[in-house]
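As structure tokens, the structure follows; a few thoughts come after it.
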Amino acid sequence: MKQRTNIFITLVLTLALFAFTGCTHTTGWWKGNIHTHSLWSDGKDYPETVVGWYKSNGYNFLALSDHNILSQGQKWADVNDAAKEEVFRKYRERFGDKWVEQQPITDWRQVRLKPIGEFRCLFEEPNKFLLIQAEEVTCKKGVHLNAVNLRDPVQPQDGNTVSEKLQNNINVVLTQRQDTGQPMLSQINHPNWRWALTAEDIMQIKAARFFEVYNGHSKVYNTGDHYHCGTERMWDIILSRRLAELNLPIIYGTATDDAHNFHKYGPESANPGRGWVMVRADYLTPEFIIKAMEKGDFYASTGVVLKDIQFDGKMLKVEIEAEGGVSYTTQFIGTLKGCDLRGRPVIDANGVEVHATQVYSGDIGKVLAEVKGTAASYTCNGNEIYVRAKVISTRVKHNAATAGEVEAAWVQPVIPKSK
């Protein structure tokens, strides 16, 4: 009887806590972006304006991830040219003189950048919108890592190789997570920016769980070039070798916009709204969002909306939220056991080896089945190392970084049960 009473009291207190915080159980898909910038680093707008864009455009959560800094403490932004003056004018008009803090500096002015703790109150709403603190840990030679839901800033770590740099920086985030007990997520950013990372660099990182299969910045080359494979091809190579050879866990693929510019729009600008994640979680909190993503219970999108994703160990099912006048094709992609996983170096026209992901068999990451329509499924036969799905629509993406790009969604890879 006493045990039942204690359980009842615990339940009542838990419900009371959720009621007090405004946190209620509403399992569903939450739309979020975990890579964006503000004037705290090289973004072109004030953090409040940035956050306001995402909330007004239907996002449920946002991680501000400026380079090597958290939006904490004191920082001032210069307003010393016409472009910055225009951005400041819009900021001042929207938030008012009581909110905006400025000071004159000889021939120009400076504006105080608000830390996240000061402007949360303007935007956060239970079950509607959540802000998550993050940092883009930025190392030399293009090695960038997003650390999401940090408590303290992370200092970039060096290493003798690219892989060592990645591992060292992920380890720092893992240590902070362990020391604080606060859930945190590490994501490898835009591997093709400056051709910094290869599949071979990434595949061996033990604690790596996420990387950007799609980044909306116009300079990150998601599709690769003559010598460098695209990030989606890179993903299949990484998955195949990690799971079949290296005995390492799945790496999940995210989509982000990596937005910097919220005023000038066009293919050459890093604009918001080009890529995001849809996370299925019980509550809109950092803890539940990260927990769901670590289970792979999310998909990446550039416009396609999914109703449901189900996997029972054998069958992978995808249901699409159809839009009028748009057609959909779902590709089930994977690598079969026994596939040749050997790679060979990329050689240029002069016979010199290129720093690039190696060339592998076309049987890695091949299309196992293709289904037209708004519902698709694939039944595994047990011979697959992994299976993932990609939904491709016929709708041309608005304000895409790449001409002719169509809206798509990437379903996370699953490991079928053996025969």
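The values are calculated or read from the model by the stated rules, or taken from the named source; none is laboratory data. This is a predicted model, so every value here is computed, not measured. Positions of Cβ are backbone-derived with ideal geometry, glycine not excepted, and every protein chain shown enters the neighbour counts.
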The stretch 181-286: strands (runs of 3 or more DSSP E) wholly inside it with 1 or more residues that are out of contact with any Asp or Glu (no Cβ under 8 Å at 6 or more places or on another chain), of a type in the set (A, V, I, L, M) and buried (at least 22 other Cβ atoms within 10 Å of the Cβ) are 276-281
| message | Could you go through the stretch 394-408 and let me know if any residue there is surrounded by 22 or more Cβ atoms within 10 Å (Cβ to Cβ) and modelled with pLDDT of 95 or more. | response | yes
In the stretch 121-163, residues that are modelled with pLDDT of 95 or more, surrounded by fewer than 15 Cβ atoms within 10 Å (Cβ to Cβ) and part of a helix (DSSP H, G or I) total 2
Selection from the stretch 298-318 of residues exposed (fewer than 15 other Cβ atoms within 10 Å of the Cβ), touching a strand residue (DSSP E or B) at 6+ places or on another chain (Cβ under 9 Å) and either under 16 Å from THR379 (Cβ atoms) or among the aromatic types (Phe, Trp, Tyr) (or both) yields GLN310, GLY313, LYS314, MET315
### Query
Regarding GLN310, is this residue in a strand (DSSP E or B), assigned by TED's automatic domain parsing to the domain that holds ASN399, over 24 Å from the mean Cα position of the chain (by Cα) and not hydrophobic (A, V, I, L, M, F, W, C)?
no
Within the stretch 352-398, residues in contact with a helix residue (DSSP H, G or I) (Cβ under 9 Å, 6 or more places away or on another chain), in a strand (DSSP E or B) and aromatic (Phe, Trp, Tyr) come out as TYR386
Checked against (1) part of a loop (DSSP other than H, G, I, E, B); (2) surrounded by 22 or more Cβ atoms within 10 Å (Cβ to Cβ), SER418 satisfies every condition except (2)
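Please indicate, with yes or no, whether at least one residue in the stretch 90-112 is assigned to a loop (DSSP other than H, G, I, E, B), closer than 30 Å to VAL213 by Cβ and of a type outside the set (D, E, K, R).
Within the stretch 90-112, none of the residues are assigned to a loop (DSSP other than H, G, I, E, B), closer than 30 Å to VAL213 by Cβ and of a type outside the set (D, E, K, R).
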